[in-house]
Amino acid sequence: MDMGLTGKTAVVTGASRGIGLAIVKALTGEGMRVLAAARTITPELKETGAALVTADLSTAEGPGEVIDRALSELGEIDLLVNNVGGGDAGAEPFGFLSLSDDQWRQFYDLNFLSAVRATRAAVPSLIRRRGTVINISSTSAHVPSGGPVHYATAKAALTSLGKALAEEFGPQGVRVTTVSPGATRTSLWEGPGRYGAVLAAAHGVDLESFLAGLPSSTGITTGRFIEPEEVAALVTWLASPHAASVTGADFLIDGGAVKTA
């Protein structure tokens, strides 16, 4: 299927690896001109041919600087993908009483306010282009016990933001949707010392065994992790003219893990 995206422009945040990298690859593969923003520019990201910008999206000025660079490089913006998120530096199983104000601020800056700031800066261009915003949230927004509380609530705020923006800017031609992946095969789960490894240690098992049992233990009926390319394929369709009447919706891509309607 021709997605009708050739020659259009996109900004993708958190693009260095995992879901963000897969989205950049998918969009450039459809002929889009993409500006990819990340704190660290990886060799894999360089290979996509996207325009690249190094930025810390968790800072107050970082998202606006990315959008300014995109307007300079691309002219206008047809698509903004607010993908940056996560944040497990110094990972440990987080309980509510263990979290400091600084940890709450860090997670909200990265997982929620980065999208607020990037979207605010991009909206004038998106209105001119009748463009699209796609926010990458998480099933943790639907099942808060499925992740650290500060991450889950920040993602819930992001999901709510998408619906509010769709309502406000829909009459001006801007579509806003949310994609909420479940456990996805990324370095967050598989990387040494990252969130998956910390959880495995907390359960007293090795990482390989922990990951092998995770799909069944979290109710994933397909029995496997979601692949980043699957999320990217959904994002590509939502960005396309084929989804012209889709706005305000939140799309779960979770292998059936969330059981509620």
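Take segment 26-70 and flag every residue that is within 15 Å of G7 (Cβ to Cβ), in contact (Cβ under 8 Å) with a residue 40 or more places away in the chain and among the hydrophobic types (A, V, I, L, M, F, W, C).
Of everything in segment 26-70, those that are within 15 Å of G7 (Cβ to Cβ), in contact (Cβ under 8 Å) with a residue 40 or more places away in the chain and among the hydrophobic types (A, V, I, L, M, F, W, C) turn out to be L27, M32.
Yes or no, residue by residue, for (1) out of contact with any helix residue (DSSP H, G or I) (no Cβ under 7 Å at 6 or more places or on another chain); (2) among the β-branched types (V, I, T):
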position: V176; (1), (2): no, yes
position: H203; (1), (2): no, no
position: L211; (1), (2): no, no
position: G219; (1), (2): yes, no
position: R224; (1), (2): no, no
position: P228; (1), (2): no, no
position: V231; (1), (2): no, yes
position: V246; (1), (2): no, yes
position: K259; (1), (2): yes, no
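I'm told D2 meets every condition in (1) in contact (Cβ under 8 Å) with a residue 24 or more places away in the chain; (2) charged (D, E, K, R); (3) within 23 Å of I253 (Cα to Cα) except one. Can you identify the failing condition by its number?
Here D2 meets the rest and fails (1).
For segment 121-147, what are the residues that are touching a residue at least 40 places away in the same chain (Cβ under 8 Å), more than 16 Å from S160 (Cβ to Cβ) and assigned to a helix (DSSP H, G or I)?
If the condition is that a residue be touching a residue at least 40 places away in the same chain (Cβ under 8 Å), more than 16 Å from S160 (Cβ to Cβ) and assigned to a helix (DSSP H, G or I), then A121, A122, V123, S125, L126, I127, R128, R129, G146 are the ones that fit.
In segment 4-38, what residues are surrounded by 24 or more Cβ atoms within 10 Å (Cβ to Cβ) and on the phi > 0 side of the Ramachandran plot?
G14
In segment 71-84, is there at least one residue being closer than 21 Å to Q172 by Cβ, part of a helix (DSSP H, G or I) and either of a type outside the set (S, T, Y) or in contact (Cβ under 8 Å) with a residue 60 or more places away in the chain (or both)?
For segment 71-84, residues closer than 21 Å to Q172 by Cβ, part of a helix (DSSP H, G or I) and either of a type outside the set (S, T, Y) or in contact (Cβ under 8 Å) with a residue 60 or more places away in the chain (or both): present.
Only residues that are modelled with pLDDT under 95 and more than 23 Å from W237 (Cβ to Cβ): list them for segment 154-191, please.
Listed by number, the residues that qualify are S187, L188, W189, E190, G191.
Go through segment 174-223 and give me each residue that's out of contact with any strand residue (DSSP E or B) (no Cβ under 8 Å at 6 or more places or on another chain) and under 30 Å from A10 (Cα atoms).
T186, S187, L188, W189, E190, G191, R194, Y195
Please count how many residues of segment 195-224 are charged (D, E, K, R) and under 21 Å from V143 (Cβ atoms).
1
One line per residue, one yes/no per condition, for (1) modelled with pLDDT of 95 or more; (2) under 25 Å from P192 (Cα atoms); (3) among the aromatic types (F, W, Y):
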position: A22; (1), (2), (3): yes, yes, no
position: E44; (1), (2), (3): yes, yes, no
position: G64; (1), (2), (3): yes, no, no
position: V84; (1), (2), (3): yes, yes, no
position: A91; (1), (2), (3): no, yes, no
position: L110; (1), (2), (3): yes, yes, no
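Going through segment 170-196 one residue at a time, which ones are part of a helix (DSSP H, G or I) and touching a residue at least 40 places away in the same chain (Cβ under 8 Å)? Steps first, please.
Narrowing segment 170-196 to residues part of a helix (DSSP H, G or I): 170-172, 187-190, 195-196.
Passing the criteria: G170, Q172, S187, L188, Y195.
Quick grid of which residues meet (1) within 30 Å of G4 (Cβ to Cβ); (2) in contact with a Pro (Cβ under 9 Å, 6 or more places away or on another chain); (3) surrounded by 16 or more Cβ atoms within 10 Å (Cβ to Cβ); (4) not assigned by TED's automatic domain parsing to the domain that holds G170:
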{"site": "G193", "(1), (2), (3), (4)": "no, no, no, yes"}
{"site": "A200", "(1), (2), (3), (4)": "no, no, yes, yes"}
{"site": "A212", "(1), (2), (3), (4)": "no, no, no, yes"}
{"site": "S217", "(1), (2), (3), (4)": "no, no, no, yes"}
{"site": "I220", "(1), (2), (3), (4)": "no, no, yes, yes"}
{"site": "V231", "(1), (2), (3), (4)": "yes, yes, yes, no"}
{"site": "T236", "(1), (2), (3), (4)": "yes, no, yes, no"}
{"site": "A239", "(1), (2), (3), (4)": "yes, no, yes, no"}
{"site": "A243", "(1), (2), (3), (4)": "yes, no, yes, no"}
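Is it fair to say A60 is surrounded by fewer than 24 Cβ atoms within 10 Å (Cβ to Cβ) and out of contact with any strand residue (DSSP E or B) (no Cβ under 9 Å at 6 or more places or on another chain)? Quick ask: steps written out before the conclusion?
Details: surrounded by fewer than 24 Cβ atoms within 10 Å (Cβ to Cβ): yes; out of contact with any strand residue (DSSP E or B) (no Cβ under 9 Å at 6 or more places or on another chain): yes.
Spelling it out, A60 is indeed surrounded by fewer than 24 Cβ atoms within 10 Å (Cβ to Cβ) and out of contact with any strand residue (DSSP E or B) (no Cβ under 9 Å at 6 or more places or on another chain).
The values are calculated or read from the model by the stated rules, or taken from the named source; none is laboratory data. Fair warning: this is a prediction, and the values are worked out from it, not measured in the lab. When we count neighbours, we look across all protein chains shown, and the Cβ atoms used for this are built from the backbone with ideal geometry, even at glycine.
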